[in-house]
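The values are calculated or read from the model by the stated rules, or taken from the named source; none is laboratory data. Everything numeric here is computed off the predicted structure, so don't read it as measured data. Positions of Cβ are generated from backbone atoms using ideal geometry, with glycine treated the same way; all protein chains shown enter the neighbour counts. The accessibility values were calculated without ligands, DNA or RNA, using every heavy atom of the protein model including side chains. Shrake-Rupley method; radii C 1.70, N 1.55, O 1.52, S 1.80 Å.
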Amino acid sequence: MIARQMRERGHHVTFVTSGGVYVQAVRDAGFTVHIVPQLAPNRHQPWSIAIAIRRLTAIVRQARPDVIHGHNAAATMCAHIAARLGGEKIPCVTSVRGVEERDTHQWRNRIWKHLPGILMGVCERTRERLIGFGVPATKTCVTYNGVDLARFDPGRVSSERNRRELGLEGRIVVGTTGAMVPHSEVNGPTKGQHNLVKAVAALRDRHPELSVLLVGDGPARPCVEEVVRETGMEGRVIFAGRRFDIPEMLSAMDIYCQPSIFGEFFPNAIIEAMAMGKPWIGSDIAGLKELTAGDSAGWVSPPGDVDALAANLDRLAGDAELRASRGRAARKHVQAELTIEKVVDRILGAYRAAGAAVDTGLPRQQVI
(Lines give C-alpha, C1' and ligand atoms only; values in the text may rest on other atoms or scores of the structure.)
Protein backbone atom coordinates (compact mmCIF):
# COMPACT_ATOMS: atom_id res chain seq x y z
CA MET A 1 0.00 0.00 0.00
CA ILE A 2 2.80 2.41 0.87
CA ALA A 3 4.63 1.74 -2.38
CA ARG A 4 1.48 2.26 -4.43
CA GLN A 5 0.77 5.52 -2.66
CA MET A 6 4.36 6.63 -3.26
CA ARG A 7 4.02 5.82 -6.95
CA GLU A 8 0.77 7.76 -7.21
CA ARG A 9 2.65 10.78 -5.88
CA GLY A 10 5.28 10.50 -8.61
CA HIS A 11 8.05 8.63 -6.81
CA HIS A 12 9.82 5.47 -8.01
CA VAL A 13 10.05 2.49 -5.67
CA THR A 14 12.44 -0.45 -5.98
CA PHE A 15 12.30 -3.41 -3.62
CA VAL A 16 15.23 -5.42 -2.30
CA THR A 17 14.28 -8.52 -0.31
CA SER A 18 15.49 -11.95 0.70
CA GLY A 19 12.38 -13.44 -0.93
CA GLY A 20 8.98 -14.49 0.31
CA VAL A 21 5.43 -15.30 -0.71
CA TYR A 22 4.62 -11.73 -1.77
CA VAL A 23 7.45 -11.25 -4.26
CA GLN A 24 5.37 -12.18 -7.30
CA ALA A 25 2.45 -10.03 -6.15
CA VAL A 26 4.79 -7.04 -5.82
CA ARG A 27 6.16 -7.67 -9.31
CA ASP A 28 2.65 -8.09 -10.69
CA ALA A 29 1.88 -4.66 -9.25
CA GLY A 30 4.59 -3.24 -11.51
CA PHE A 31 7.50 -2.81 -9.11
CA THR A 32 11.10 -3.91 -9.62
CA VAL A 33 12.19 -6.52 -7.08
CA HIS A 34 15.80 -7.61 -6.46
CA ILE A 35 16.28 -10.87 -4.54
CA VAL A 36 19.22 -11.02 -2.12
CA PRO A 37 18.78 -14.28 -0.15
CA GLN A 38 21.62 -13.37 2.21
CA LEU A 39 19.42 -10.65 3.78
CA ALA A 40 17.24 -13.29 5.45
CA PRO A 41 17.18 -13.08 9.28
CA ASN A 42 18.60 -16.59 9.61
CA ARG A 43 21.60 -15.79 7.38
CA HIS A 44 23.46 -13.19 9.41
CA GLN A 45 26.77 -15.06 9.38
CA PRO A 46 29.79 -12.88 8.43
CA TRP A 47 30.18 -14.44 4.96
CA SER A 48 26.48 -14.01 4.18
CA ILE A 49 26.59 -10.38 5.24
CA ALA A 50 29.62 -9.80 3.01
CA ILE A 51 27.81 -11.30 0.03
CA ALA A 52 24.68 -9.25 0.78
CA ILE A 53 26.70 -6.02 0.92
CA ARG A 54 28.44 -6.83 -2.35
CA ARG A 55 25.13 -7.47 -4.12
CA LEU A 56 23.56 -4.38 -2.57
CA THR A 57 26.48 -2.28 -3.81
CA ALA A 58 25.72 -3.33 -7.37
CA ILE A 59 22.01 -2.60 -6.93
CA VAL A 60 22.67 0.85 -5.47
CA ARG A 61 25.02 1.71 -8.34
CA GLN A 62 22.34 0.66 -10.81
CA ALA A 63 19.32 2.26 -9.12
CA ARG A 64 21.03 5.42 -7.75
CA PRO A 65 18.32 5.96 -5.11
CA ASP A 66 17.70 9.19 -3.25
CA VAL A 67 16.83 7.38 -0.03
CA ILE A 68 17.27 3.93 1.49
CA HIS A 69 14.27 2.72 3.47
CA GLY A 70 15.07 -0.34 5.57
CA HIS A 71 12.54 -2.50 7.35
CA ASN A 72 14.95 -3.91 9.90
CA ALA A 73 18.22 -2.73 11.40
CA ALA A 74 20.44 -5.27 9.65
CA ALA A 75 19.03 -4.45 6.22
CA THR A 76 19.53 -0.72 6.71
CA MET A 77 23.09 -1.15 7.95
CA CYS A 78 24.01 -3.45 5.05
CA ALA A 79 22.52 -1.05 2.50
CA HIS A 80 24.25 1.93 4.14
CA ILE A 81 27.64 0.20 3.97
CA ALA A 82 26.97 -0.86 0.38
CA ALA A 83 26.18 2.71 -0.62
CA ARG A 84 29.38 4.01 0.96
CA LEU A 85 31.42 1.32 -0.76
CA GLY A 86 29.81 2.39 -4.00
CA GLY A 87 30.90 5.97 -3.40
CA GLU A 88 27.43 7.23 -2.44
CA LYS A 89 26.26 8.91 0.74
CA ILE A 90 22.55 8.13 0.67
CA PRO A 91 20.17 9.18 3.45
CA CYS A 92 18.63 6.26 5.35
CA VAL A 93 15.42 5.69 7.26
CA THR A 94 14.30 2.55 9.07
CA SER A 95 10.80 1.41 9.99
CA VAL A 96 10.95 0.04 13.53
CA ARG A 97 8.06 -2.38 14.09
CA GLY A 98 9.54 -4.07 17.14
CA VAL A 99 12.60 -4.34 19.33
CA GLU A 100 14.21 -7.22 21.21
CA GLU A 101 12.11 -7.88 24.31
CA ARG A 102 13.91 -10.89 25.80
CA ASP A 103 16.02 -10.03 28.84
CA THR A 104 18.73 -12.41 27.65
CA HIS A 105 19.03 -10.67 24.27
CA GLN A 106 18.94 -6.98 25.19
CA TRP A 107 22.42 -6.55 23.71
CA ARG A 108 20.79 -6.67 20.29
CA ASN A 109 19.11 -3.33 20.95
CA ARG A 110 22.49 -1.56 20.96
CA ILE A 111 22.39 -1.43 17.17
CA TRP A 112 19.56 1.12 17.19
CA LYS A 113 21.85 3.72 18.77
CA HIS A 114 24.38 3.36 15.95
CA LEU A 115 22.01 3.01 12.99
CA PRO A 116 22.31 5.83 10.43
CA GLY A 117 19.44 8.13 9.56
CA ILE A 118 15.94 8.49 10.97
CA LEU A 119 14.19 5.71 12.92
CA MET A 120 10.45 5.60 12.31
CA GLY A 121 8.52 4.00 15.17
CA VAL A 122 5.11 2.53 14.52
CA CYS A 123 3.80 4.05 17.76
CA GLU A 124 4.85 6.35 20.58
CA ARG A 125 5.78 3.36 22.72
CA THR A 126 8.30 2.27 20.08
CA ARG A 127 9.81 5.75 19.99
CA GLU A 128 10.10 5.77 23.78
CA ARG A 129 11.92 2.44 23.71
CA LEU A 130 14.36 3.70 21.08
CA ILE A 131 15.16 6.81 23.11
CA GLY A 132 15.65 4.55 26.12
CA PHE A 133 18.30 2.64 24.15
CA GLY A 134 20.22 5.88 23.67
CA VAL A 135 18.87 6.98 20.28
CA PRO A 136 18.69 10.82 20.16
CA ALA A 137 15.10 12.04 20.09
CA THR A 138 15.93 14.10 16.99
CA LYS A 139 16.65 10.86 15.11
CA THR A 140 13.20 9.41 15.84
CA CYS A 141 9.66 10.00 14.68
CA VAL A 142 6.33 8.17 14.73
CA THR A 143 4.62 7.18 11.49
CA TYR A 144 2.04 4.69 12.81
CA ASN A 145 0.56 1.98 10.61
CA GLY A 146 -2.25 2.73 8.21
CA VAL A 147 -5.14 1.14 6.36
CA ASP A 148 -6.72 1.45 2.93
CA LEU A 149 -10.20 2.76 3.66
CA ALA A 150 -11.38 1.83 0.17
CA ARG A 151 -10.76 -1.83 0.99
CA PHE A 152 -11.78 -1.74 4.64
CA ASP A 153 -15.17 -0.14 4.10
CA PRO A 154 -18.12 -1.52 6.11
CA GLY A 155 -20.49 -0.37 3.39
CA ARG A 156 -18.78 -2.51 0.77
CA VAL A 157 -19.43 -5.94 2.29
CA SER A 158 -22.49 -7.80 3.53
CA SER A 159 -22.17 -8.81 7.16
CA GLU A 160 -25.35 -10.86 6.94
CA ARG A 161 -24.07 -12.95 4.03
CA ASN A 162 -20.71 -13.56 5.64
CA ARG A 163 -22.27 -14.53 8.98
CA ARG A 164 -24.59 -16.90 7.18
CA GLU A 165 -21.70 -18.55 5.34
CA LEU A 166 -19.86 -19.03 8.64
CA GLY A 167 -22.92 -20.36 10.48
CA LEU A 168 -23.03 -17.37 12.84
CA GLU A 169 -26.55 -16.10 12.24
CA GLY A 170 -28.36 -14.84 15.33
CA ARG A 171 -25.21 -14.74 17.45
CA ILE A 172 -23.08 -12.03 19.02
CA VAL A 173 -19.66 -12.65 17.53
CA VAL A 174 -16.33 -11.72 19.04
CA GLY A 175 -13.42 -12.46 16.75
CA THR A 176 -9.74 -12.05 16.15
CA THR A 177 -7.36 -12.38 13.22
CA GLY A 178 -3.78 -13.57 13.46
CA ALA A 179 -1.42 -16.51 13.23
CA MET A 180 -1.40 -19.11 15.98
CA VAL A 181 2.29 -19.12 16.85
CA PRO A 182 3.54 -20.74 20.08
CA HIS A 183 5.74 -18.96 22.61
CA SER A 184 8.31 -20.65 24.80
CA GLU A 185 7.18 -18.82 27.95
CA VAL A 186 3.45 -19.58 27.80
CA ASN A 187 1.31 -22.60 27.10
CA GLY A 188 -0.46 -21.12 24.14
CA PRO A 189 -0.14 -18.84 21.12
CA THR A 190 1.49 -15.43 21.45
CA LYS A 191 -1.68 -13.70 20.21
CA GLY A 192 -3.69 -15.23 23.04
CA GLN A 193 -6.53 -16.86 21.12
CA HIS A 194 -6.79 -19.47 23.87
CA ASN A 195 -7.47 -16.73 26.43
CA LEU A 196 -10.28 -15.33 24.30
CA VAL A 197 -11.91 -18.76 24.32
CA LYS A 198 -11.58 -18.89 28.11
CA ALA A 199 -13.08 -15.40 28.50
CA VAL A 200 -16.11 -16.28 26.39
CA ALA A 201 -16.52 -19.56 28.27
CA ALA A 202 -16.66 -17.59 31.52
CA LEU A 203 -19.57 -15.57 30.11
CA ARG A 204 -21.59 -18.43 28.63
CA ASP A 205 -24.39 -18.21 31.21
CA ARG A 206 -24.70 -14.40 30.96
CA HIS A 207 -24.46 -14.36 27.16
CA PRO A 208 -25.51 -17.74 25.74
CA GLU A 209 -25.55 -16.28 22.22
CA LEU A 210 -21.88 -15.16 22.40
CA SER A 211 -19.59 -17.01 19.97
CA VAL A 212 -15.97 -16.82 18.82
CA LEU A 213 -14.59 -16.46 15.29
CA LEU A 214 -10.87 -17.27 14.99
CA VAL A 215 -9.29 -16.22 11.68
CA GLY A 216 -5.79 -17.58 11.20
CA ASP A 217 -3.85 -20.78 11.59
CA GLY A 218 -0.48 -22.04 12.75
CA PRO A 219 1.40 -24.59 14.86
CA ALA A 220 -0.30 -23.49 18.10
CA ARG A 221 -3.79 -24.26 16.82
CA PRO A 222 -3.93 -27.66 18.60
CA CYS A 223 -3.43 -25.81 21.90
CA VAL A 224 -6.41 -23.58 21.17
CA GLU A 225 -8.49 -26.57 20.12
CA GLU A 226 -7.62 -28.28 23.40
CA VAL A 227 -8.84 -25.23 25.35
CA VAL A 228 -12.10 -25.35 23.36
CA ARG A 229 -12.60 -28.97 24.42
CA GLU A 230 -11.62 -28.35 28.03
CA THR A 231 -14.07 -25.46 28.37
CA GLY A 232 -16.88 -27.22 26.52
CA MET A 233 -17.00 -24.54 23.84
CA GLU A 234 -17.43 -26.86 20.85
CA GLY A 235 -20.03 -25.38 18.53
CA ARG A 236 -19.41 -21.86 19.81
CA VAL A 237 -15.91 -21.43 18.40
CA ILE A 238 -15.42 -21.23 14.63
CA PHE A 239 -11.94 -21.89 13.24
CA ALA A 240 -11.95 -20.08 9.88
CA GLY A 241 -8.33 -20.93 9.12
CA ARG A 242 -5.99 -18.76 7.12
CA ARG A 243 -7.99 -16.26 5.08
CA PHE A 244 -7.19 -13.37 2.76
CA ASP A 245 -10.72 -11.90 2.70
CA ILE A 246 -10.15 -10.05 5.95
CA PRO A 247 -12.74 -7.29 5.42
CA GLU A 248 -15.37 -9.99 4.93
CA MET A 249 -14.26 -11.82 8.05
CA LEU A 250 -14.31 -8.63 10.11
CA SER A 251 -17.78 -7.80 8.83
CA ALA A 252 -19.05 -11.00 10.47
CA MET A 253 -17.85 -9.81 13.91
CA ASP A 254 -19.66 -7.60 16.40
CA ILE A 255 -16.57 -7.12 18.58
CA TYR A 256 -12.89 -7.40 17.72
CA CYS A 257 -10.42 -8.80 20.26
CA GLN A 258 -6.60 -8.67 20.33
CA PRO A 259 -5.73 -10.70 23.47
CA SER A 260 -2.00 -10.90 22.69
CA ILE A 261 0.55 -11.83 25.33
CA PHE A 262 3.75 -11.08 23.40
CA GLY A 263 4.96 -9.73 20.10
CA GLU A 264 2.79 -6.68 19.45
CA PHE A 265 3.70 -3.04 18.94
CA PHE A 266 0.95 -1.47 16.82
CA PRO A 267 -0.99 -4.24 15.07
CA ASN A 268 -2.62 -3.58 11.73
CA ALA A 269 -5.29 -6.09 12.70
CA ILE A 270 -6.84 -3.64 15.17
CA ILE A 271 -6.65 -0.74 12.71
CA GLU A 272 -8.43 -2.83 10.09
CA ALA A 273 -11.15 -3.80 12.56
CA MET A 274 -11.59 -0.16 13.59
CA ALA A 275 -11.86 0.86 9.93
CA MET A 276 -14.68 -1.68 9.60
CA GLY A 277 -16.48 0.07 12.46
CA LYS A 278 -15.82 -2.55 15.12
CA PRO A 279 -15.37 -1.78 18.82
CA TRP A 280 -12.42 -3.67 20.25
CA ILE A 281 -10.84 -5.03 23.41
CA GLY A 282 -7.32 -6.28 23.91
CA SER A 283 -4.16 -6.42 25.96
CA ASP A 284 -2.37 -3.44 27.43
CA ILE A 285 0.98 -4.10 25.79
CA ALA A 286 3.25 -1.91 23.63
CA GLY A 287 1.22 0.62 21.65
CA LEU A 288 -2.23 -0.96 21.85
CA LYS A 289 -3.53 1.65 24.27
CA GLU A 290 -2.73 4.30 21.65
CA LEU A 291 -5.41 2.67 19.49
CA THR A 292 -8.21 3.04 22.03
CA ALA A 293 -8.93 6.61 20.82
CA GLY A 294 -8.93 7.79 24.42
CA ASP A 295 -10.95 4.74 25.50
CA SER A 296 -13.78 5.74 23.16
CA ALA A 297 -13.17 2.89 20.68
CA GLY A 298 -11.28 0.22 22.61
CA TRP A 299 -10.47 -1.02 26.09
CA VAL A 300 -7.29 -2.74 27.20
CA SER A 301 -6.58 -5.05 30.12
CA PRO A 302 -3.42 -6.69 31.52
CA PRO A 303 -2.03 -9.33 29.12
CA GLY A 304 -3.01 -12.84 30.13
CA ASP A 305 -5.69 -11.63 32.59
CA VAL A 306 -8.70 -13.64 31.44
CA ASP A 307 -11.02 -12.20 34.08
CA ALA A 308 -10.26 -8.60 33.06
CA LEU A 309 -10.67 -9.50 29.39
CA ALA A 310 -14.02 -11.14 30.17
CA ALA A 311 -15.17 -8.06 32.10
CA ASN A 312 -14.57 -5.77 29.12
CA LEU A 313 -16.21 -8.28 26.80
CA ASP A 314 -19.22 -8.48 29.14
CA ARG A 315 -19.74 -4.71 28.88
CA LEU A 316 -19.87 -4.83 25.09
CA ALA A 317 -21.76 -8.09 24.67
CA GLY A 318 -24.64 -6.82 26.76
CA ASP A 319 -25.14 -3.44 25.07
CA ALA A 320 -25.79 -3.22 21.33
CA GLU A 321 -25.92 0.59 21.35
CA LEU A 322 -22.56 0.77 23.15
CA ARG A 323 -21.07 -1.48 20.48
CA ALA A 324 -22.48 0.74 17.74
CA SER A 325 -21.27 4.02 19.26
CA ARG A 326 -17.79 2.70 19.93
CA GLY A 327 -17.63 1.25 16.43
CA ARG A 328 -18.42 4.67 14.99
CA ALA A 329 -15.73 6.24 17.15
CA ALA A 330 -13.26 3.60 15.94
CA ARG A 331 -13.78 4.32 12.25
CA LYS A 332 -13.74 8.07 12.86
CA HIS A 333 -10.34 7.76 14.58
CA VAL A 334 -8.91 5.78 11.67
CA GLN A 335 -10.23 8.32 9.18
CA ALA A 336 -8.58 11.12 11.13
CA GLU A 337 -5.20 9.56 11.94
CA LEU A 338 -4.54 6.15 10.43
CA THR A 339 -5.20 6.18 6.70
CA ILE A 340 -2.42 5.01 4.41
CA GLU A 341 -2.27 8.54 2.96
CA LYS A 342 -1.49 10.03 6.37
CA VAL A 343 1.14 7.37 7.04
CA VAL A 344 2.86 8.16 3.74
CA ASP A 345 2.80 11.87 4.63
CA ARG A 346 4.71 11.03 7.81
CA ILE A 347 7.17 8.77 5.98
CA LEU A 348 7.91 11.48 3.42
CA GLY A 349 8.53 13.83 6.33
CA ALA A 350 11.10 11.36 7.67
CA TYR A 351 12.74 11.21 4.23
CA ARG A 352 13.08 14.98 4.24
CA ALA A 353 14.46 14.94 7.76
CA ALA A 354 17.03 12.37 6.64
CA GLY A 355 18.10 14.70 3.86
CA ALA A 356 16.32 12.99 0.96
CA ALA A 357 15.15 15.16 -1.93
CA VAL A 358 11.72 13.64 -2.31
CA ASP A 359 9.54 16.74 -2.18
CA THR A 360 10.64 18.49 -5.36
CA GLY A 361 7.76 17.21 -7.45
CA LEU A 362 10.11 15.13 -9.62
CA PRO A 363 9.97 11.32 -9.81
CA ARG A 364 12.31 9.88 -7.21
CA GLN A 365 13.43 6.42 -6.28
CA GLN A 366 13.78 4.62 -3.00
CA VAL A 367 15.27 1.24 -2.21
CA ILE A 368 13.32 -0.72 0.37
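Overview of values
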{"read-out": "Hits in segment 129-154 (condition: over 20 Å from Asn268 (Cα atoms) and exposed (fewer than 15 other Cβ atoms within 10 Å of the Cβ))", "value": "Gly132, Gly134, Pro136, Ala137, Thr138"}
{"read-out": "Answer residue from segment 1-19, given it is within 24 Å of the chain's Cα centre (by Cα) and of a type in the set (Gly, Ala, Ser) and is least open to solvent (accessible area, probe 1.4 Å) among those", "value": "Ala3"}
{"read-out": "Unmet requirement for Asp295, which otherwise passes all of (1) outside any strand (DSSP E or B); (2) modelled with pLDDT of 95 or more; (3) on the phi < 0 side of the Ramachandran plot; (4) not β-branched (Val, Ile, Thr)", "value": "(3)"}
{"read-out": "Residue tally, condition in a loop (DSSP other than H, G, I, E, B) and either open to solvent by 30 Å² or more (accessible area, probe 1.4 Å) or under 15 Å from Ala63 (Cα atoms) (or both), over segment 20-35", "value": "5"}
{"read-out": "Residue identified as surrounded by fewer than 20 Cβ atoms within 10 Å (Cβ to Cβ) and part of a helix (DSSP H, G or I) among Leu322, Leu313", "value": "Leu322"}
{"read-out": "Pairs where the first residue, in segment 88-114, is under 14 Å from Arg129 (Cβ atoms) and the second is exposed (fewer than 11 other Cβ atoms within 10 Å of the Cβ), C-beta under 9 Å, 6+ apart", "value": "Glu100/Trp107; Arg108/Arg102; Lys113/Pro136"}
{"read-out": "Candidates Val99, Val122, filtered to the one that is closer than 19 Å to Ile2 by Cα and under 19 Å from the mean Cα position of the chain (by Cα)", "value": "Val122"}
{"read-out": "Filter pass, Ile270 being within 24 Å of Val142 (Cβ to Cβ), touching a helix residue (DSSP H, G or I) at 6+ places or on another chain (Cβ under 6 Å), at pLDDT 95 or above and not polar (S, T, N, Q)", "value": "yes"}
{"read-out": "Residue list for segment 169-188, restricted to those being among the polar types (S, T, N, Q) and surrounded by fewer than 22 Cβ atoms within 10 Å (Cβ to Cβ)", "value": "Ser184, Asn187"}
{"read-out": "Answer residue from segment 37-83, given it is in contact (Cβ under 8 Å) with a residue 60 or more places away in the chain and of a type in the set (D, E, K, R) and is most open to solvent (accessible area, probe 1.4 Å) among those", "value": "Arg64"}
{"read-out": "Trp112 in a helix (DSSP H, G or I), open to solvent by 40 Å² or more (accessible area, probe 1.4 Å) and among the aromatic types (Phe, Trp, Tyr)", "value": "no"}
{"read-out": "For Asp245: the one exception among (1) touching a residue at least 12 places away in the same chain (Cβ under 8 Å); (2) farther than 26 Å from Glu101 by Cβ; (3) out of contact with any strand residue (DSSP E or B) (no Cβ under 7 Å at 6 or more places or on another chain)", "value": "(1)"}
{"read-out": "Per-region count, segment 290-306, residues aliphatic (A, V, I, L, M) and within 16 Å of Arg125 (Cα to Cα)", "value": "3"}
{"read-out": "Residue that is farthest from Arg102 (Cα to Cα), among those in segment 212-233 that are small (Gly, Ala, Ser) and in contact with a strand residue (DSSP E or B) (Cβ under 9 Å, 6 or more places away or on another chain)", "value": "Gly216"}
{"read-out": "Breaking point among (1) closer than 24 Å to Trp299 by Cα; (2) part of a strand (DSSP E or B); (3) touching a residue at least 40 places away in the same chain (Cβ under 8 Å), for Leu214", "value": "(3)"}
{"read-out": "Residue match in segment 287-303 (condition: touching a Gly at 6+ places or on another chain (Cβ under 9 Å) and open to solvent by 50 Å² or more (accessible area, probe 1.4 Å))", "value": "yes"}
{"read-out": "Flag if Ala220 is touching a Gly at 6+ places or on another chain (Cβ under 8 Å) and either open to solvent by less than 30 Å² (accessible area, probe 1.4 Å) or over 12 Å from Gly178 (Cα atoms) (or both)", "value": "yes"}
{"read-out": "Top-ranked residue of segment 196-211 - restricted to ones that are touching a Ser or Thr at 6+ places or on another chain (Cβ under 9 Å) and under 30 Å from Glu101 (Cα atoms), ranked as most open to solvent (accessible area, probe 1.4 Å)", "value": "Lys198"}
{"read-out": "Filter result (part of a helix (DSSP H, G or I) and either within 19 Å of Ser301 (Cβ to Cβ) or of a type outside the set (D, E, K, R) (or both)) within segment 165-205", "value": "Leu166, Gln193, His194, Asn195, Leu196, Val197, Lys198, Ala199, Val200, Ala201, Ala202"}
